[in-house]
1. Any idea which of B:468, B:513 is in the same structural domain as residue B:586 (by TED's automatic domain parsing) and surrounded by fewer than 23 Cβ atoms within 10 Å (Cβ to Cβ)?
2. One residue is enough: does region B:268-284 have a residue meeting the conditions under 24 Å from residue B:372 (Cα atoms), away from chain A (no Cβ under 13 Å) and touching a residue at least 24 places away in the same chain (Cβ under 8 Å)?
3. Quick test for you: out of A:376, A:358, pick the one residue that is touching a strand residue (DSSP E or B) at 6+ places or on another chain (Cβ under 9 Å) and at pLDDT 95 or above.
4. Hey, which of the strands (runs of 3 or more DSSP E) in region A:295-405, taking only ones fully inside, have at least 2 residues that are away from every other protein chain (no Cβ under 14 Å) and at negative phi?
5. Out of region B:168-189, which residues are buried (at least 23 other Cβ atoms within 10 Å of the Cβ) and more than 14 Å from chain A (Cβ to nearest Cβ)?
6. Give the residues of region B:475-488 that are surrounded by 13 or more Cβ atoms within 10 Å (Cβ to Cβ) and more than 30 Å from the chain's Cα centre (by Cα), sorted by residue number.
7. What number of residues in region A:122-144 are buried (at least 21 other Cβ atoms within 10 Å of the Cβ) and touching a residue at least 12 places away in the same chain (Cβ under 8 Å)?
8. Suppose the filter is within 17 Å of the chain's Cα centre (by Cα), over 30 Å from residue A:363 (Cβ atoms) and buried (at least 19 other Cβ atoms within 10 Å of the Cβ); does residue A:402 pass it?
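The values are calculated or read from the model by the stated rules, or taken from the named source; none is laboratory data. These figures come from a predicted structure and were not determined experimentally. Counting neighbours? That spans all protein chains shown, and the Cβs are built from the backbone with ideal geometry, glycine included.
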């Protein structure tokens, strides 16, 4: 009796016999799992998270790990179809998911938690303000929320410190809350975390809120992958089995990042105590609406069904302990507000980082994540939609696709029938990421390996050959290894993705009676945005045919926007204003979208008049 | 080896032999303790709280009762000097401490917790507000704090109730917090408690916050009495042994009142389930600064030493669960702000109920509690002080004194050498309360039983006789029982008390360059204030010699002010304004006070010119 085992990240499926171990399956699938002891259950390195029928012993796992669903791959027998998620630490080599971004800086340092120092006058019969009021008067915060234990300790702190003290305050929905008091003038360490929680990957920064400087970065795959690869399958999982498991998995992923960030910081500070892994004082989360629901343990069911109503787009500021995050228990956790079920807080963060909501210029913002959200507008109005573009640019649904991380082919150029590639980190090529796919398809089209419909020309090169899924084109092959190649199906997937995004842009413009030529700026956000070649993206019809200088690449703008909110009160207000001013356009009920989408399922487009510069480049190419 | 056992309330001391029980001591002292089984430890009625060396078994007590310090008097052996507090239920008969008050009503119903009903439109693709934002928009509360469990439940409540729902919101330091949501239009029960926590007694009201009506009243002695009779001895106890025991005792007293109030309400509603004893949704506390500290578990030590700085005069709004009160865990607990260590929130409540802070008229407010606080001012300014008057008017330090409760002699008149009395509740006389003492001393003075120095005339009547503490005057005697009598020491105590209060008033007026004749209103607050005879109070020199119509008796204004704050946002703001506008005058460093005090140690005063009407009445009396 064969069972299917699917490994994440990567979505690689293999069939094994009943009773074989998950480590056996990994070996069969060519998925690399760390195993120092060679499968004897002693090294504890081959940690996986399992969803499905399997039998396992606790082995070297702690009870907490076991409760969270961690298993040793070598000690877990497969008894049915299942999914297995391989956490970062169990992968043979760690590949940093890129999390760089560019855009506005914070205008001033008014972080979500701030440290204030006070040097007070000692009281007297004439100046007989009570201890607490002496402090709140000096701070200028009459409505300060003060937890009872801190109030109890206040007289001691004041008197032992000779009326000098440092205080940590959090800002929460218009109020301030006292988080810590320490005697004397030495201050209090104050670290915040900005985090982008994507459906597939998470990226986080640890920021010293006393200076505004980022001190560590970390990223990881979302451990929810074991419950389904895209948002809709996760919601279906929640509907079927409850949201609790999804919450547990994403909280566990975030807590892993917290540990990574704090370890990195402590290494820099040359601390080795290991006691500083939970002193984060505030957290800003930038995520799509479903991820926010799952993080907070909110049932996402209604997101999936018309009229697609989430429980909240503006979650209340909660505390780390309410959510289960390993930060200071009272640390405020702010989720950047989103507009709707399918245009979430990650998009608000993108906009915030771009600054398009402050300018007279008409701008278009495209977030090239799984959903391909698009926002059009300026400082007076804003309209957004989600195009359900699919995960092709994130490495999904493409046979050799992968995220923009070490070993991914990120640039491709073809000349004289030679294919040149570069990889992220100059590592050995492992697959191709979004920017590489755009280059590849554009260059194949320009060099006539592809026709206008995206079909591989059967008679062009020794790189082209027949495969199980139509023709395939070999991008790269190391001696004696499986080639990295794309096939007709892969290319069709990329074309559907680019068509959806372009159609979304077209519909938004038409809705407000404008054209592509009216756009002053086009912002590109998303994890692969740093590498994208604009010319090639125009050639395949993903981006509109506008002058290069109108485009701006933001990178992981969701993370960048989260950091802005972490640092600045003004930015948090702007995020709320973006929420208030944006209109959401639901494309699922839009005929115009399907018309536009169909017209865009060509390279670059059925209407070549929309791509005059591309047409010129195509016309200028030599007959080969 | 003899040990002293002191019983509270009442402060009656008796000496017993080592190993005798507390019940033996109570019998010896004439203190009535309920004991149905006659001391066999089976009825569980003779509950006492012990402070001091004693040996006891748990008997029929629950572990929780035993932990709180409850003991069975019949099963507790005395092994040293100790104090024993007899809770209300263990006293043979229950005597209601009077808690009536008169003054302003609440201008509008904006209670500390309010229930709102909503009838929302169902969402659609066009009207796609998220669940939470749909609710906060309808409520007009964008900054609503929402606990995660309620947020998780919100989609179910909305959809099952057909978009009709009721919500309970609390107001806390400028923000609103969601406390409960229920589907449908049936509303939510919403009860609040106003409570006056005095050093000696507590009085509370249960108020239906949906209507503003008081539905039950209750009162009890402060169980802290077992740790000392006055505020300073309680602070000394806290300094010596920590504040925790005092907190536990006052919280236990309050929880007892909550149980009484809810039982009374449920009786009215004919509920017998017994499950409704902790559904109070909000609490307003009116108390002196030390009691507030002890309730919240704040160290009161610094209140006792110059410059007398409390931890806070404006405590943050805490929750019932933080304090340990048996209300809804999230129920907000607001302490009415006080001005200083010795002019507390109870005085702010007095002022609030009087309305003197809103009028152009110059008013004087006297709170005749243990400390005898006095406030002078109008809507533009206010100055307050504490006179350390002592507890004579509350039944303390007077041999036959008692609180204004059932059986207390509250009115005395003498004519034709006949003494007429009335008692509260027309009960058999048990002692004399403050208003009775004022009447008695005034009438004795007018009828020449007393000289100007307050000494009992030795040759006036068969009611006068010699006693262990100078001469004594028999007020009342039932056949075969101990007479109710006052002696020279008792009267000296009352005169010291009235002198301190009058001196405090004089000093405040002098400080601002005004005279008694300038006063438009004189407000009298305090538990005995309903009964006070103004003429007699002027005769002894307690109250200034002004026309009767300028006086207003407020009764238990501290409780009345607490109820105002429970009911109205405007009242809560006014309380804060009173806090802000009042100046505190410390009399402990005032020579003027000691001069005025010395001059007032006569009947009515050394300067008879200050009491022209009294002088006239005295001159008009017939030579007897």
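1. Details: B:468 fails: in the same structural domain as residue B:586 (by TED's automatic domain parsing).
Residue meeting the stated conditions: B:513.
2. Checked against the condition, which is being under 24 Å from residue B:372 (Cα atoms), away from chain A (no Cβ under 13 Å) and touching a residue at least 24 places away in the same chain (Cβ under 8 Å), region B:268-284 yields at least one hit.
3. Working: A:358 fails: touching a strand residue (DSSP E or B) at 6+ places or on another chain (Cβ under 9 Å).
Of the residues listed, the single one that is touching a strand residue (DSSP E or B) at 6+ places or on another chain (Cβ under 9 Å) and at pLDDT 95 or above is A:376.
4. Fully inside region A:295-405 and qualifying: A:363-367, A:373-377.
5. Scanning region B:168-189 gives a single hit, B:168.
6. B:477, the sole residue that qualifies.
7. The total comes to 4.
8. Here the answer is yes, as residue A:402 does meet what is asked.
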